[in-house]
Protein chains: 2
Amino acid sequence: MKFLGKVTVTLKRGVFDPQGVTIKNALHNLSFREAEEVRTGKYFEVVIEAANSTEAEKKLSEMCDLLLVNPVIERHGCHVEPIEEMESAT
Amino acid sequence: MKFLGKVTVTLKRGVFDPQGVTIKNALHNLSFREAEEVRTGKYFEVVIEAANSTEAEKKLSEMCDLLLVNPVIERHGCHVEPIEEMESAT
């Protein structure tokens with residue numbers, strides 16, 4: 001069974017994010033004064049072949065730890081959903 | 001009231017994603033044969049000052065259309081949540 005793993009990676013709170021500051025300034029220049037802070041990050045979608053969602057989540061978590069995320073400066077969130085659900089939603 | 005807007009941006013289906021292919025190959029080299037496809041993208045967190053979540057969502061959608069997303073080659077998803085909820089969750 002196929003699952004779609006979604007991973008969001010952002011810099012930890014204390015790590016300076018110059019790209020985010022630049023985007024915030026650009027938003028202000030476009031009159032979006034409501035934007036008080038912008039943090040940028042990375043996003044990954046991984047199609048995983050697994051027997052069930054628990055196994056897919058476990059594999060995705062291992063992938064994050066080994067390759068996708070640098071735990072020194074980054075934090076991440078991930079979740080897994082069956083592919084069928086994803087396709088009907090888009 | 002403050003809201004946290006979360007935006008995920010990925011390349012559209014037909015657009016070649018060489019970074020995703022490279023990551024997939026790296027995962028295979030790390031014995032993650034379950035990873036069948038990897039798509040990469042961007043992730044933004046925007047702190048928005050707004051009267052209610054409907055207004056915050058509207059503003060975030062405008063920010064996506066004007067600056068954060070290139071609709072020619074990218075698709076995006078966004079949602080908004082109150083900041084309090086986010087802080088208690090982390």
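None of the figures in this text is laboratory data; all of them are computed from the coordinates on show. Computed from a prediction, not measured in an experiment: that's the story for all the values here. Here Cβ is always computed from backbone atoms with ideal geometry, including for glycine, and neighbour counts include all displayed protein chains.
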Nearest beta-carbon to the B/A symmetry axis - residue in chain B, distance in Å: B:Tyr43, 2
All-pairs Cα distance distribution in the stretch B:2-89, expressed in whole percent, bin size 5 Å: 3, 14, 19, 16, 13, 12, 12, 8, 3, 1
Non-local Lys pairs in the protein assembly as shown, i.e. 8 or more apart or on different chains, that have alpha carbons under 17 Å apart: 28
Distant-in-sequence amide H partners of B:Val69 (H built 1.01 Å from N, under 5 Å): none
Tilt relative to chain A, helix A:18-29 - C-alpha long axis, 0 to 90 degrees, to 10: 60 degrees
Packing-based exposure ordering (other Cβ within 10 Å, fewest first) of A:Asp17, B:Asp65: B:Asp65, A:Asp17
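Any idea what % of Cα-Cα pairs in the protein assembly as shown are farther than 23 Å?
Numbers: 7178 of 16110 pairs.
Everything past 23 Å amounts to 45 percent.
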Chain A, helix-only ellipticity at 222 nm - DSSP H runs n ≥ 4, -39,500 (n - 2.57), divided by all residues, nearest 500: -10000 deg cm²/dmol
Whole-Hz couplings from phi, Karplus 6.51/-1.76/1.60, listed for the stretch A:71-79; x for Gly and Pro: x, 5, 10, 10, 10, 9, x, 9, 8
